[in-house]
Protein chains: 2
Amino acid sequence: MVQAARQSGTADRRAVFELFPRRLPPGRRYGVVAGVGRALDAIEDFCFDAAAVAALEGVVDPDMLDWLASYRFSGDVWGYAEGEAYFPYSPLLVVEGTFAEAVLLETVLLSIYNHDSAIASAASRMTLAAGDRPCIEMGSRRTHEQAAVAAARAAYVAGFDASSNLAARALYGVPSTGTAAHSFTLLHDAEADAFRAQVQTLGVGTTLLVDTYDVAEAVRLAVEVAGTGLGAVRLDSGDLGEVARDVRAQLDELGASATRIVVTSDLDEHAIAALAAAPVDAYGVGTQLVTGSGHPTCGFVYKLVAREDADGELVSVAKKSTDKISIGGRKYALRRRGPSGVAEAEVVGIGAVPEDDGDDRPLLVPLVRDGEVVGRATLEEARARHRASVAELPRSVTMMSAGEPVIPTVHLGP
Amino acid sequence: MVQAARQSGTADRRAVFELFPRRLPPGRRYGVVAGVGRALDAIEDFCFDAAAVAALEGVVDPDMLDWLASYRFSGDVWGYAEGEAYFPYSPLLVVEGTFAEAVLLETVLLSIYNHDSAIASAASRMTLAAGDRPCIEMGSRRTHEQAAVAAARAAYVAGFDASSNLAARALYGVPSTGTAAHSFTLLHDAEADAFRAQVQTLGVGTTLLVDTYDVAEAVRLAVEVAGTGLGAVRLDSGDLGEVARDVRAQLDELGASATRIVVTSDLDEHAIAALAAAPVDAYGVGTQLVTGSGHPTCGFVYKLVAREDADGELVSVAKKSTDKISIGGRKYALRRRGPSGVAEAEVVGIGAVPEDDGDDRPLLVPLVRDGEVVGRATLEEARARHRASVAELPRSVTMMSAGEPVIPTVHLGP
């Protein structure tokens with residue numbers, strides 16, 4: 001496309017691309033933006049080194065190769081802050097530059113946003129369902145090995161407390177926590193040997209896995225080996241609510257009343273909610289987290305919404321279609337809030353900034369200016385943004401049942 | 001776990017781990033193994049360099065760090081060949097080594113197998129549904145940016161013809177093909193200008209996207225610009241079957257009877273099957289491919305099935321559970337085939353090789369011996385394996401409706 005646009009003299013036309021969702025996944029009431037920090041890294045790093053250029057020989061023309069070799073994004077980007085809630089047609093990213101430089105970012109920006117936001121959107125429902133109980137990300141093994149690292153990061157943005165993915169710790173500072181597998185118990189001749197080895201190595205604060213053989217016997221052994229100061233036991237099978245009640249009673253009877261109960265086993269937000277009344281202290285979540293709990297991608301698209309014409313004027317453009325609606329024009333957005341601070345609507349201004357009635361909150365922040373990243377936030381800031389954004393949504397946001405977006409999207413024309 | 005096993009003197013016990021599915025995704029009749037080549041790369045490359053060791057300071061003890069710094073897998077691995085069909089409890093990988101060296105591979109092996117096989121399993125149903133018509137992978141933007149490269153590779157294993165992912169071309173030699181986006185047409189002041197630029201740059205064999213404005217007008221323009229030798233037109237919206245019929249008639253009338261029709265737009269195996277009678281020449285598949293068409297992970301697990309005891313004897317082990325069945329013991333597998341060559345059962349021998357009745361096919365091939373990769377296959381070999389394996393399955397394999405596995409899994413005791 002870039003080569004052909006260079007041919008027709010349109011490659012350097014000023015262009016505005018927008019990354020947005022046409023809808024939420026069926027039944028979801030809100031989404032959560034994640035991947036912003038990774039996308040900024042990707043924009044900064046986006047270049048064609050000698051190997052990349054060599055790999056494109058024969059795919060594009062030689063002078064296109066030269067152009068690619070000197071490529072750096074030099075335009076501007078605005079976007080929703082990482083951790084922000086989003087709704088249908090929220091203009092999550094607005095990318096302005098020449099057509100050629102902006103169109104090249106399409107795939108990497110969509111990949112990062114579609115993946116990370118799918119994970120964060122699922123994670124947010126899980127942490128809402130878990131309330132004050134911590135959620136731990138344990139899904140690395142059920143997704144692509146690099147996606148796993150991004151998933152741990154996105155889950156952390158949306159309120160998870162820690163991850164078992166050590167690369168996410170090294171790369172992003174996501175707190176790490178671990179667990180022993182059944183193989184560790186099975187490796188030993190007796191369950192008590194395994195518990196003893198783990199406690200000697202990791203201290204009594206460790207979490208012992210107690211469902212390899214008989215749960216009641218394992219709990220008894222665990223307290224015998226670690227003492228009543230044992231940190232936690234983990235349950236990974238059976239009717240978790242029922243078993244947790246039995247184990248809680250047994251631990252209390254043994255004097256281990258401070259020993260926590262961690263549950264795992266294909267949990268999703270519904271299973272977490274169903275365990276609200278059970279004596280469970282923490283949730284370990286794997287498969288359903290890293291696969292977006294039924295919605296592994298957000299369906300974000302990246303569309304040209306405005307571009308320079310032959311006279312140098314910026315004109316709105318959009319595909320004409322009845323089944324895939326795109327709205328031309330550069331967008332601005334704010335979250336309309338009532339006097340009590342509760343969100344009432346996602347207001348998207350087309351070609352003009354919507355008027356703030358005093359209680360509203362603008363949603364687009366500068367991320368890149370003249371090719372320089374200016375909007376980098378820490379993960380802790382993203383976590384705070386997530387907490388605050390979800391807290392101001394209508395209370396129906398906590399409903400786990402399928403439903404409509406908790407606030408409508410309102411478009412304001414130019 | 002390794003640190004604790006070193007503490008208890010069990011880390012160097014000989015151990016056999018097995019990677020297997022407990023079930024197929026609901027309704028699926030077969031699965032396809034992919035990622036074998038990537039897993040072998042991962043085993044070869046699995047080590048802890050200075051940066052990785054430094055990142056684990058404080059997580060594990062100093063002498064554990066030393067052990068990690070010198071880690072190389074030195075054991076043996078057998079597995080199903082890449083492209084092979086699989087069924088519940090197929091022993092897809094058998095990993096033998098010390099506990100410590102084999103347990104460390106758990107996450108990376110599961111990540112690769114769970115992801116790549118989910119994509120290949122979905123892709124296989126799509127290529128079956130497409131019959132002789134080529135399928136093109138176009139889903140990079142809807143999945144994590146690195147998962148996208150692996151997805152393109154897995155789709156190719158399962159019969160896709162090409163991918164839009166250029167990194168998959170560079171890394172794995174997956175044939176690449178491209179398409180223009182609506183943004184390219186919208187960039188130009190007139191649709192004809194865009195078509196002209198594309199044809200001048202890429203030749204008349206290119207594929208023109210004809211649904212940005214009015215399809216009939218675009219088809220007319222496309223042939224006017226490119227001539228009757230135009231390679232193809234692409235449709236990306238509307239009722240694809242209906243529109244394809246109209247476009248075919250129009251192309252034929254214009255004399256462009258060799259111009260092909262490529263369709264895209266959230267296709268899955270069901271949509272592809274539904275278009276079988278429409279005049280469509282190729283399918284471009286994105287979202288549903290890279291998300292495994294409803295099943296983004298295979299649910300493979302990696303379980304310790306045998307290990308050395310205190311006397312140096314290998315003993316079978318398994319977790320006791322009623323809801324998560326694991327079967328202890330080292331496994332062997334063959335595909336039982338009738339005299340006509342049609343598959344009849346997945347036969348899994350526990351602790352012993354099942355007897356081959358002459359028409360059967362052994363499924364486990366050596367992949368790694370004493371830490372050296374010995375079972376590397378080319379992607380073309382994996383594609384051939386996929387074609388042959390699917391071809392020998394019962395004919396119900398082509399049914400797109402939900403159903404049971406097309407062959408049963410039979411366990412033979414020791």
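All of the numbers you see were taken from the coordinates with simple rules; none came from a lab. Since the model is a prediction, treat every value here as computed from it, not as a measurement. Cβ sites come from the backbone with ideal geometry, for glycine too, and all protein chains shown count toward neighbours.
The H on the amide N of B:Tyr86, modeled in the peptide plane, is under 5 Å from the matching H of B:Gly31, B:Val32, B:Val33, each at least 5 residues off or on a different chain.
Think of chain B as having a plus end and a minus end, set by charges on the Cβ of Lys, Arg, Asp and Glu; of B:Val95, B:Val390, B:Leu240, B:Val390 sits farthest toward the positive end of this dipole. Among beta bridges from DSSP that stay inside chain B, the antiparallel ones total about 65%.
Counting neighbouring Cβ atoms within 10 Å and putting the fewest first, the residues A:Leu109, A:Leu334, A:Leu235, B:Leu412 line up as B:Leu412, A:Leu334, A:Leu235, A:Leu109. Ranked for footprinting exposure by Cβ neighbours inside 10 Å, fewest first, A:Cys298, A:Cys47 give A:Cys47, A:Cys298.
Taking 8 Å as the Cα distance limit and 6 or more residues as the minimum spacing, I'd like the relative contact order of chain B as a percentage. Numbers along the way, then the final one.
On the way: 889 pairs, mean separation 96.7, N = 414.
It rounds to 23 percent for chain B.
Sites listed here are GluC sites (Glu not before Pro) in the range A:256-346 whose DSSP assignment is loop and whose Cβ has at most 15 other Cβ atoms within 10 Å: A:Glu313.
The mean sequence separation of alpha-carbon pairs under 8 Å and at least six residues apart, normalised by the residue count of the range A:133-290, gives a relative contact order of 25 percent. For B:Arg260, the residues 5 or more places off, or on other chains, whose built amide H falls under 5 Å of its own are B:Ala232, B:Val233.
Distances from B:Glu224 to itself in the other copies, using label points 7 Å out along the Cα-Cβ axis, amount to 8.9 nm in increasing order.
Starting from the label point of A:Leu171 at 7 Å along Cα→Cβ, the same points in the other copies fall at 1.2 nm, in ascending order.
What's the average, rounded to a whole number, of partner chain beta-carbon atoms within 10 Å of each residue's beta-carbon in B:39-52? Intermediate results must be reported in sequence, preceding the final value.
Details: counts 0, 0, 0, 1, 0, 0, 0, 0, 0, 0, 0, 0, 1, 3.
Other-chain Cβ atoms within 10 Å of each residue's Cβ, averaged: 0.
Across identical copies of the chain, A:Asp309 has label-point separations of 8.5 nm, listed in ascending order, with the point defined 7 angstrom from Cα along Cα→Cβ. In this structure, the amide hydrogen of B:His411, modeled 1.01 Å from its nitrogen in the peptide plane, lies closer than 5 angstrom to those of B:Val348, counting only residues at least 5 positions away or on a different chain. Counts of other chain beta carbons within 10 angstrom of each beta carbon in peptide A:282-295 average 2. Once the C-beta distance of B:Asp66 and B:Ala384 is scaled by a Förster radius of 41 Å, the resulting FRET efficiency is 0.35 to the nearest 0.05.
Under a Cβ-Cβ cut-off of 14 Å, what is the net charge of the residues other than A:Gln198 that fall near it, where Lys and Arg count +1 and Asp and Glu count -1?
Values: positive: A:Arg196, A:Arg234, B:Arg6; negative: A:Glu191, A:Asp193, A:Glu224, B:Asp61.
Here the count lands on -1.
Please give the average number of partner chain Cβ atoms lying within 10 Å of the Cβ of each residue in A:309-318, rounded to a whole number. Let's see the in-between values first.
On the way: counts 2, 2, 1, 0, 0, 0, 2, 1, 7, 3.
Whole-number average of other-chain Cβ neighbours for A:309-318 is 2.
Given +1 on the Cβ of Lys and Arg, -1 on the Cβ of Asp and Glu, and no further charges, what dipole in debye does the protein assembly as shown carry about its Cα centre, rounded to the nearest 20? Before the final figure, lay out the partial values.
On the way: 76 positive and 112 negative charges, 240 e Å.
Here the size comes out at about 1160 debye.
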